[in-house]
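**Student:** To start, I am sharing the structure in question, which I have written as structure tokens.
Derivation of every value follows stated rules applied to the coordinates shown; laboratory data play no part. Because the structure is a prediction, the values reported are computed rather than measured. A quick note on method: Cβ atoms are made from the backbone with ideal geometry, for glycine too, and the neighbour counts reach across all protein chains shown.
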Amino acid sequence: MTRSFLIALAAVALAGPALAAGSMCSKAPASKFQPQSVLKGQLEQQGLKVRRIKTESGCYEVYAIDKAGKKVNEAFNAETLAKVANAEAGEN
């Protein structure tokens, strides 16, 4: 039983960084959010043409065009600006 517990504990410890990379929308009040202009600047440095940023449930949902002219829809935690795995995350 102890061995099973240790294996489960190790699995959780290893999965932690992967789960953090997926990130989630912020639960903080809007006063703690980063300015949209900061996110826009970061995305423009990556070569995206930002068309619109909207705030939904603690996430910034970004609509942009990449260098190839393809539409991009991504979501970012509004407090940390970490990319959220699900582009529709704030719409829940």
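**Student:** Give the residue from 33, 59, 45 lying farthest towards the positive end of the charge dipole for segment 24-91; charges sit on Cβ (+1 for Lys and Arg, -1 for Asp and Glu) and the dipole is referred to the Cα centre.
**Tutor:** Checking the options against the dipole of segment 24-91, the answer is 45.
**Student:** Name the long-range amide H neighbours of residue 56: under 5 Å, sequence gap of 5 or more, or other chain; modelled H, no Pro or chain starts.
**Tutor:** Correct list: 61.
**Student:** For a protection proxy built on the mean count of beta-carbon atoms within 10 angstrom, sort 41-52, 73-84 highest first, please. Don't jump to the answer; show the numbers that get you there.
**Tutor:** Working: 41-52: 12.7, 73-84: 19.2.
Ranking the peptides 41-52, 73-84 by packing returns 73-84, 41-52.
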